[in-house]
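The values are calculated or read from the model by the stated rules, or taken from the named source; none is laboratory data. These figures come from a predicted structure and were not determined experimentally. Because the Cβ atoms are built from the backbone with ideal geometry, glycine has one as well, and the counts that use them run over all protein chains shown. These accessible areas exclude ligands, DNA and RNA; they are computed on the full protein's heavy atoms, side chains included. Shrake-Rupley method; radii C 1.70, N 1.55, O 1.52, S 1.80 Å.
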Amino acid sequence: IFLKFHSKNENLAIINPDERIFKRAKTPWNRKVFHDSVIEKEYIFKVVKSTELLKFHIFDFYYVFLPISKEKQEFNYSDLNRHAKAFYDAINKYYIEHKKITTKNKSLMDNLNRWSKLINERQFSQIKVAYNNSGSILSAAVVQGEFLITGDLSFYATDNLKEAYYLSAVLNSNLLNEQVKIKKSSRHIFKIPFEIPIQKYNKTNELHQSLAQLGVQGEKIAKIFIKEFSLKNNDPLSRYKLQKILAEKLKPLLTQIDEFLKPQFRIAK
């Protein structure tokens, strides 16, 4: 479903697979099953993945085909437009033919929407705080606009931008990461951050306001770094390399965040 496209006309797009997605694809999902296909533009969505997540910033996004209505936020096969229906039929056929026998999802859409992770109000929120499901270091970023979040990320939806930046500061902090490491029992850490007693955002709390501002600053530092790095380097951006360099640039800011959080986590250092 990951694609690159160019316009055929005002309503239609010509699509091809996004090459980036094949880096980690395994058989039989590493086969390119469409070429110069045509779909209606209304079925093209923007999504973000964990592979582009850094602390405070997601540096790139993807386009995907989804057979759902943006207005109604639902899947209704009979309501699909002609080109989208034909394309969905083709890729759904491939999915059914190649999925494991033990897979409970009977269709591609069942797979995409398992655990209702795709079709829900939270996905269509204009403000989200996304963070990684797995790994040893927690990274979080504020996502604004019409972006959906893929299943390799967890997210918190809100209508308050300051709350989002407050949470990004807390989730990226060294102190919270230390708490995650203490509780961590496997590679999957997505449940842990909100098991830790993070204070609910309060707009009248000066400490929370200060943390929100530091969240904004963290995003600015990360964005400037990515822009400067990409101008100086022609090679594709390595997330691991970016994380390592950015961590040094964020040290002073993360130290500030930790100072604000010590009373919240009752840490006397």
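Of 23/181; 46/181; 4/26; 26/49, which pairs sit farther than 27 Å apart, going by alpha carbon to alpha carbon? Let's see the in-between values first.
Numbers: 23/181 29 Å; 46/181 32 Å; 4/26 20 Å; 26/49 17 Å.
Exceeds cut-off: 23/181; 46/181.
If you take the alpha carbon radius of gyration of the stretch 71-149 and divide it by 2.2 N^0.38 Å, what ratio comes out, to two decimals?
Computed over Cα atoms of the stretch 71-149, the ratio equals 1.36.
Among bridges DSSP assigns within the chain, what percent are antiparallel (round to 5)?
On the way: 29 of 32 bridges.
In the chain, approximately 90 percent of DSSP beta bridges are antiparallel ones.
Kindly report, to the nearest 10 Å², the accessible surface of residue 258 as traced by a 1.4 Å probe over protein heavy atoms only.
It works out to around 20 Å².
Provide the solvent-accessible area of residue 103, counting protein heavy atoms only and rolling a 1.4 Å probe, rounded to the nearest 10 Å².
For residue 103, solvent-accessible area is about 40 Å².
With only alpha-carbon atoms counted, please give the Rg and Dmax of the stretch 1-145, in Å.
For the stretch 1-145, the Cα radius of gyration and maximum Cα-Cα distance read 15.9, 46 Å.
Given R₀ = 35 Å, what would the calculated FRET efficiency be for residue 243 paired with residue 116, taking r from the Cβ atoms and rounding to 0.05?
0.65
Test of understanding: what is the full-extension gain from residue 33 to residue 79, defined as 0.36 nm times their sequence separation minus their Cα-Cα distance?
Contour length minus the Cα-Cα distance gives 14.2 nm.
Radius of gyration and Dmax for the stretch 13-76's Cα atoms, expressed in Å?
In Å, with Rg to one decimal and Dmax whole: 13.9, 37.
Count the lysine pairs in the stretch 192-269 whose Cα atoms sit under 21 Å apart, keeping only pairs 8 or more residues apart in sequence or on different chains.
23
Computed from the coordinates I sent, Rg and Dmax of the Cα atoms in Å equals one of [x] 20.3, 63; [y] 17.8, 53; [z] 19.1, 63. Tell me the label.
Recomputing Rg and Dmax of the Cα atoms in Å here gives the entry labelled [x].
Order 23-29, 204-210 from most to least packed using the mean count of other Cβ atoms within 10 Å.
So the order, starting with the most tightly packed, is 204-210, 23-29.
Among the aspartates and glutamates, which have Cα under 16 Å from the Cα of residue 162 when same-chain residues fewer than 8 positions away are ignored?
206, 219
Could you work out the relative contact order of the chain? I mean the mean sequence separation of Cα pairs under 8 Å and 6+ apart, divided by the number of residues, in percent.
It comes to 16 percent, rounded to a whole number.
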